[in-house]
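See below for the structure under consideration.
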């Protein structure tokens, strides 16, 4: 079951509709809906000013579904209901994610408890329920200090909810802000939650949120033999779907296993397209501090499987990169990684790293492979540049490392992705909720 408003046919029709429904829009604002300015990334797209309303804010649609049920929440620090009526404008004035300490939102768990929804427990993804754990750090089961709810980790010894942890649960609510990149593990958590719920006949309610990297599809497609928690499914690195759309694909492609389908209800975004820009008001994880880092993440994430530091241990995570092994004559930037929030043991801790500062680069609408290819070419220790296992899991294929080592051009590497990307775009089309 999917609640969804038909997309506007054109700009004229949109503004007519906006005028006709002015009263209802005002009522939406008064109820504290998340009012966020919808802008476009491409120059040839039409700029409109309708508010993007996230699934979590549409309480009138899902509270009746949850009433009387015993509920589990899959969420983290991004699982919030916004209340500031012009949050996006305020974020822009204040300088982005790093300046959003005004807390103009209520956590979903707190809001539902205040409305007497029977939340029994919380399932936490990578980085934990409050989003404070390092990347890859195992998260233990615990208890939420504020609410007293038990927290079951889905990034510890178990990646999938157990039968025991789902016992007595009538419905699972999934509400996590994703960034649209295959090796960002929240979609892997989505897979295992859906699989466990399908096996135990428990329906899942998905509160959809924007994908800040939905404006393009790019990268190598994962080969099934390299499936891992860094990528479960055969999709491109940048997949161009929201969590809700991706859940439909998981079901539709039969990825949960033979004869398994998860019963899902999606509360979709209002006034959203895949071309919509969206300033994230809360860090989706400790090392994605702002919108620039999120935009660069698909390109710089490859460095996680190499000797290159991608800004961990600094305040410019995924906006810079460097290594002591990069030839200094080719780079004009240097920094020293140190332990900090989100990186207790950063790569090359305490060493001078030479590389690039990318904070002023143009907004990307495709993966930039030049940084990776040139870093390999300019490395003083090519034999140790790749951590083959890690790099293969991030890339989803062994081919990319081999292509770089063989000196294949960026253009030829990208050309080798084209057929898989074309096939994926066709497959993806049937699962889309938004234009």
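Determine whether residue 246 is in contact with a helix residue (DSSP H, G or I) (Cβ under 8 Å, 6 or more places away or on another chain) and touching a residue at least 40 places away in the same chain (Cβ under 8 Å). Here the answer is yes, as residue 246 does meet what is asked.
Just to be sure, is residue 435 without any contact (Cβ under 8 Å) to a residue 40 or more places away in the chain, in a loop (DSSP other than H, G, I, E, B) and loosely packed, with under 11 Cβ neighbours inside 10 Å?
In short, no.
Inside the range 219-236, can you point out the residues that are assigned to a loop (DSSP other than H, G, I, E, B) and surrounded by fewer than 20 Cβ atoms within 10 Å (Cβ to Cβ)? Residues satisfying the conditions are 223, 227, 229, 233, 234.
Each row is one residue, and each column tells you yes or no for (1) surrounded by 24 or more Cβ atoms within 10 Å (Cβ to Cβ); (2) assigned by TED's automatic domain parsing to the domain that holds residue 266; (3) in a helix (DSSP H, G or I).
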{"residue": "157", "(1), (2), (3)": "no, yes, no"}
{"residue": "160", "(1), (2), (3)": "no, yes, no"}
{"residue": "164", "(1), (2), (3)": "no, yes, yes"}
{"residue": "168", "(1), (2), (3)": "no, yes, no"}
{"residue": "174", "(1), (2), (3)": "yes, yes, no"}
{"residue": "177", "(1), (2), (3)": "yes, yes, no"}
{"residue": "184", "(1), (2), (3)": "no, yes, no"}
{"residue": "189", "(1), (2), (3)": "yes, yes, yes"}
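Of all residues in the range 329-337, one or more are at pLDDT below 95, surrounded by fewer than 19 Cβ atoms within 10 Å (Cβ to Cβ) and over 22 Å from residue 237 (Cα atoms).
Kindly indicate which of 316, 292 is closer than 30 Å to residue 381 by Cα, out of contact with any strand residue (DSSP E or B) (no Cβ under 9 Å at 6 or more places or on another chain) and either at pLDDT 95 or above or not in a loop (DSSP other than H, G, I, E, B) (or both). Only one candidate passes the filter, namely 292.
Restricting attention to the range 143-155, which residues are farther than 22 Å from residue 393 by Cα and assigned to a loop (DSSP other than H, G, I, E, B)? If the condition is that a residue be farther than 22 Å from residue 393 by Cα and assigned to a loop (DSSP other than H, G, I, E, B), then 144, 145, 146, 147, 148, 149 are the ones that fit. Of the residues examined, residue 202 is not one that is under 30 Å from residue 119 (Cβ atoms) and either crowded, with 24+ Cβ neighbours inside 10 Å or free of Cβ contacts under 8 Å to residues at least 12 places away in the same chain (or both).
When residues of the range 352-409 are filtered for being part of a loop (DSSP other than H, G, I, E, B), over 24 Å from the mean Cα position of the chain (by Cα) and more than 14 Å from residue 302 (Cβ to Cβ), how many remain? Adding up the residues that qualify gives 8.
The values are calculated or read from the model by the stated rules, or taken from the named source; none is laboratory data. Everything quoted here is computed from the prediction, not taken from an experiment. Glycine gets a Cβ as well: all are built from the backbone with ideal geometry, and neighbour counts include every protein chain shown.
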